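A short worksheet on the structure shown next.
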Amino acid sequence: RILDIAHLLDRKPKALSGGQRQRVALGRAIVREPKVFLLDEPLSNLDAKLRAQMRTELSKLHKRLGTTFIYVTHDQTEAMTMADRIVVMKDGFIQQVDTPQHLYDMPCNMFVAGFIGSPQMNFIESKLLKEGDTFYVEFGSEDTKTTRGVKYRIPLPAEKNAKGALDEYIDKPVMMGIRPEDVHDEARYLEAFKNCIVKADVEVTELMGAETFLYLNVEGFNYTARVEPTSTARPGDNVEIALENSKIHLFDPETEKT
């Protein structure tokens with residue numbers, strides 16, 4: 001009943017679909033009451049609705065059994081929603097081990113930053129400048145043939161230079177990262193982040209119901225913005241967008257480390 005296969009008890013495995021077989025395998029593991037569950041992409045053959053349902057059931061099962069689950073997945077939604085701790089791996093090497101929220105807020109490098117979050121983080125080649133006590137990231141283009149030839153300077157909050165982390169990068173290239181949910185076209189954000197506004201050409205819009213994705217071009221750089229469904233931006237429009245500067249991530253372009 002937990003796995004929603006009670007009505008299939010009289011069938012042989014060959015008469016089951018891939019998703020049903022996967023649930024049988026899961027049930028076979030559960031009834032043995034092991035000390036550790038090793039699950040390798042257990043939901044990959046299920047349709048979207050059943051996958052969401054099984055995520056919930058597995059989480060309930062985990063709480064009820066109190067057994068350790070080691071769960072391999074490429075689906076970051078599964079990782080973020082079900083895990084207490086996530087190990088992010090690339091090419092067989094561990095990149096970061098952390099709680100889901102900490103991975104999202106404080107990725108250790110560009111791979112982790114781009115892997116966690118959907119749509120993925122925007123990466124923009126920039127330069128780090130310092131004027132007075134304020135650090136800025138500068139990006140844009142002076143090529144007026146392909147763009148408007150505008151350079152933008154976004155001020156960074158003082159805490160971004162905790163322990164002097166940015167001092168060695170002054171006047172050097174850096175990779176700026178900002179998540180789509182921290183790029184806004186709503187009036188209240190344009191008001192709140194007046195010194196972080198850039199102009200963007202809207203190339204594609206995707207209405208998702210509860211939100212809208214805007215695919216933008218800012219001086220030759222591609223941005224994705226995750227905005228409210230009330231957004232009036234349409235393909236071909238030139239709009240103002242505000243970057244939430246407290247949510248900007250900076251990476252070393254060579255080592256890709258934060």
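Any read-out appearing in this document is the output of simple, stated calculations on the displayed coordinates, not a laboratory observation. None of the values given here were measured: they were computed from a predicted structure. All Cβ positions, even for glycine, are placed from backbone atoms using ideal geometry, and neighbour counts span all protein chains on display.
The table below gives the values:
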{"read-out": "Cα-Cα P(r), the chain, percent of pairs per 10 Å interval", "value": "6, 24, 26, 20, 14, 7, 2, 0"}
{"read-out": "Prolate/oblate/rounded call for region 196-258, Cα gyration tensor, a/c under 1.5 rounded", "value": "prolate"}
{"read-out": "Mean shadow area of region 108-258 over all directions, Cα convex hull, nm²", "value": "9.3"}
{"read-out": "Radius, Kirkwood style, for region 1-122 when every pair of distinct Cα atoms is counted (Å)", "value": "15.9"}
{"read-out": "Descending principal axes extents, region 152-214, alpha-carbon based, whole Å", "value": "43, 23, 21"}
{"read-out": "Gain upon complete extension [Ala165, Phe111; 0.36 nm per residue less C-alpha separation]", "value": "17.4 nm"}
{"read-out": "Angle between the chain longest axis and helix 18-30 axis [Cα atoms, degrees, rounded to 10]", "value": "70"}
{"read-out": "Cα shape, region 99-168, gyration tensor, a/c 1.5 rule", "value": "oblate"}
{"read-out": "Along the chain, longest interval not containing exposed GluC sites (Glu not before Pro), exposed being DSSP loop plus at most 13 other Cβ atoms within 10 Å", "value": "1-141"}
